[in-house]
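The values are calculated or read from the model by the stated rules, or taken from the named source; none is laboratory data. Note that the coordinates shown come from a computational prediction; the quantities given were computed from them, not determined experimentally. We place every Cβ from the backbone using ideal geometry, glycine too, and count neighbours over all the protein chains shown.
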Amino acid sequence: MRIAPFSDGRGVCFYSERTDGDVRAQFLGSKVRSNSDLMKKIYSVIIRKDVVVVKASQCHSSAVAPVSTKWELVPEVDALVSKDPAILPSVMVADCVPIALYAPKEGVFAAVHAGWRGLVKGVISNAVDTMRSDYHATDLEAVVGPHICARCYEFVGESSETVRSVLGADCFTKDGGSHLDLFACVEKILDTKAVEMIFEEKDCTLCSGDFFSYRGGDTTERIILGVGVVGE
Ligand SMILES: [Zn+2]
């Protein structure tokens, strides 16, 4: 489990590693089982026993949902927002970019799942807009979790033209442009939305071997990224 604290020391982003195992097996529906090994690690990070980890259903959309009670069902979305310290929004990934957003002043936080489809559809911008409009978030910070690096991500064909036209040619590598740089896309979007990126995980999901990688053959295994505030 790796931890990336936000600037106020209260907000925290955590994400699992390959050594933490496939997180899918530790879920019961959209929530992490309270007695799982994963949850024990999360309790030690959050220092709170009353939390539940709620996962976005993830369908490569741009949809965002607020989560205000522990018990509500999560609709088909790729980003979850909350300001309840008893809720930890999360996403599961293996190459796509997981992003944690946090507004220190208002204590609002969000977990976002962004593959190329979500980036094209605007899932990050939608999550930021929801935090600002529905939760009155002002200054926003972001942690960008582990994802596939540009060197490992060859991206050609029709979809690459879509990505190029929506996100710009600078989201591809300079050497011929056949590799998609997901981080460059995310960085550009966060910059446009005036969100301060305070940490980026630089270890690639594929070439570092530290996480799970769909393109590296981990077709079912996933890591989790979650966000919340630590207990008193
Ligand atoms: Zn790589």
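Restricting region 153-177 to residues that are surrounded by 14 or more Cβ atoms within 10 Å (Cβ to Cβ) and hydroxyl-bearing (Ser, Thr, Tyr), the residue that is farthest from residue 206 (Cα to Cα) is 160. As an exercise: evaluate residue 14 against (1) out of contact with any helix residue (DSSP H, G or I) (no Cβ under 6 Å at 6 or more places or on another chain); (2) surrounded by 22 or more Cβ atoms within 10 Å (Cβ to Cβ); (3) assigned to a strand (DSSP E or B) and give the number of the one condition it does not meet. Going through the list (1) out of contact with any helix residue (DSSP H, G or I) (no Cβ under 6 Å at 6 or more places or on another chain); (2) surrounded by 22 or more Cβ atoms within 10 Å (Cβ to Cβ); (3) assigned to a strand (DSSP E or B), residue 14 breaks only (1).
Here is a yes/no grid of residues against (1) under 28 Å from residue 133 (Cβ atoms); (2) in contact with a Phe, Trp or Tyr (Cβ under 6 Å, 6 or more places away or on another chain); (3) charged (D, E, K, R):
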| site | (1), (2), (3) |
| --- | --- |
| 10 | yes, no, yes |
| 21 | no, no, no |
| 25 | no, no, no |
| 28 | no, no, no |
| 32 | no, no, no |
| 53 | yes, no, no |
| 65 | yes, no, no |
| 86 | yes, no, no |
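Scanning region 115-145 for residues that are part of a loop (DSSP other than H, G, I, E, B) and either more than 16 Å from the ligand (Cβ to nearest atom) or of a type in the set (Asp, Glu) (or both) turns up 122, 136, 137, 138, 139, 140. Once region 146-165 is narrowed to residues that are in contact (Cβ under 8 Å) with a residue 40 or more places away in the chain and part of a helix (DSSP H, G or I), the residue that is farthest from the ligand (Cβ to nearest atom) is 162. Summed over region 20-35, the residues that are out of contact with any strand residue (DSSP E or B) (no Cβ under 6 Å at 6 or more places or on another chain) and assigned to a helix (DSSP H, G or I) give a count of 3. Across region 209-227, not a single residue is classified as more than 16 Å from the ligand (Cβ to nearest atom), surrounded by 14 or more Cβ atoms within 10 Å (Cβ to Cβ), at pLDDT below 95 and not acidic (Asp, Glu). The set of residues in region 179-208 being more than 15 Å from the chain's Cα centre (by Cα), assigned to a loop (DSSP other than H, G, I, E, B) and surrounded by fewer than 14 Cβ atoms within 10 Å (Cβ to Cβ) consists of 194, 207. Within region 174-208, the set of residues being within 16 Å of the ligand (Cβ to nearest atom) and among the acidic types (Asp, Glu) comprises 175, 181, 200, 201, 203. The set of residues from region 115-137 being touching a strand residue (DSSP E or B) at 6+ places or on another chain (Cβ under 6 Å) and either among the basic types (Lys, Arg) or surrounded by fewer than 22 Cβ atoms within 10 Å (Cβ to Cβ) (or both) comprises 126, 130, 135. If you go through region 138-152 and keep only what is out of contact with any Ser or Thr (no Cβ under 9 Å at 6 or more places or on another chain) and either within 21 Å of residue 56 (Cα to Cα) or buried (at least 19 other Cβ atoms within 10 Å of the Cβ) (or both), you end up with 140, 142, 143, 144, 145.
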